[in-house]
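One structure below.
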Amino acid sequence: MAHSHFSFCFWTTLKEMDKIRVLFVGDIVGAAGRKALKEMLPILKRTKNPELIIVNGENAAGGRGITAAIAKEFYDQGVHGITLGNHTWDNKDIFDFIDKEDRLIRPANYPPGTPGRGFTTVKGANGKELTIVNIQGRTYLPPLDCPFQTIDAILEKQKKKSKCILVDFHAEVTSEKIAMGWHLDGKVSAVLGTHTHVQTRDERILPQGTAYVTDVGMVGARDGVLGMERQAVLQKFKTGLPVRFTADEGKWQFHAAYMELDENTGLATKVELIRQFETEMVWA
Ligand SMILES: [Fe+2]
């Protein structure tokens, strides 16, 4: 009995060594979103012990883009990589640092010559490595190169170098995201949707082993509209007149996806969604 117990533990330890634990945090919106990240990360580090933490930061600066200071704030909190989206260029600061920053990526399907990069490999705890790719959908968003052809070209080059690959598909419509999930099933570790800010409850591991969710959901004020202050959004819908939106500073909601990946196959063994509201926090 003692012997079999030993081999069981040994086997479990070996399996653990081949596993990568990844936390992906959805679109962080403004100050409320950044506060949520600051409060939730220590808890999730304790309970999930992720070796890699990736966040979508395209709305982090008041709902519009990201600044070098905010990116640094994220890294200082233990974030390993940042993805963006259609708001990448909203904050002009981005042009000063995007080319120097190798842990921050913008959609890969911008035309050749666009500043920044569309994918990168980041290093996490325990020497674990993860390649992250950002692509953007084309339905109800400004036209870019074909995301399907773009990701195929990236995988063609990168597949030999990286086992574990996470794709942030920043897109508006559910059908385009679900189609991308099927397109990449078995080819990447995870396809995670961002941009709509509303978490969809369809997380699954697709038949060939790719973790999938249509939208991870956002991190920001819960009582606004997608993280923005709601009166302005209401006024815009009701009058049709141009209105300036600002990020809502109210109580936050936090949405993320937690995954476990097998380093040998590059496929997912677990995916689960995380949702937390500031109003329901139980402070220890
Ligand atoms: Fe977006």
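The values are calculated or read from the model by the stated rules, or taken from the named source; none is laboratory data. Keep in mind that what you see is a predicted model, and the values were worked out from it rather than measured. Please note: Cβ atoms are built from the backbone with ideal geometry, for glycine as well, and neighbour counts cover all protein chains shown. Each accessible area value is taken on the protein alone, full model and side chains, heavy atoms only, with ligands, DNA and RNA left out. Shrake-Rupley method; radii C 1.70, N 1.55, O 1.52, S 1.80 Å.
I need the trypsin sites (Lys or Arg not before Pro) found in region 124-208, filtered to DSSP loop residues with at most 13 other beta carbons within 10 Å of theirs.
Of the trypsin sites (Lys or Arg not before Pro), the ones in loops of region 124-208 whose Cβ has at most 13 other Cβ atoms within 10 Å are Lys160, Lys161, Arg201.
Given points 7 Å out from each Cα along the Cα-Cβ axis, report the Gln149 to Glu249 separation in nanometres with one decimal.
4.7
Could you pull out the trypsin sites (Lys or Arg not before Pro) across region 227-258 that fall in loop regions by DSSP (anything but H, G, I, E, B) with no more than 12 other Cβ atoms inside 10 Å?
Answer by residue number: Arg244.
Between Ala69 and Asn126, what length in nm is gained on full extension when 0.36 nm per residue of separation is reduced by their alpha carbon distance?
17.9 nm
Report the gain in length on full extension from Lys270 to Arg117: 0.36 nm times residue separation, minus Cα-Cα distance, nm rounded to one decimal.
52.2 nm
Please go through region 97-182 and write out the GluC sites (Glu not before Pro) that DSSP classes as loop and that have at most 11 other C-beta atoms within 10 Å.
Sparse-neighbourhood loop GluC sites (Glu not before Pro): none present.
Stretch Thr200-Lys161 to full length: gain in nm at 0.36 nm per residue minus the Cα-Cα span?
Going from the current span to full extension adds 10.9 nm.
Using the basic label-point model (7 angstrom from Cα toward the beta carbon), what is the Asp96 to Ala232 distance in nanometres?
2.2
Accessible area per residue of the chain at 1.4 Å probe, in Å²?
Heavy-atom accessible area per residue stands at 47 Å².
Just how large is the dipole of the chain about the Cα centre, in debye to the nearest 20, putting +1 at every Lys and Arg Cβ and -1 at every Asp and Glu Cβ? Walk me through the numbers on the way to the answer.
On the way: 36 positive and 35 negative charges, 30 e Å.
Roughly 140 debye for the chain.
Would you mind telling me the share, in percent, of accessible area of the chain contributed by carbon and sulfur at probe 1.4 angstrom?
55
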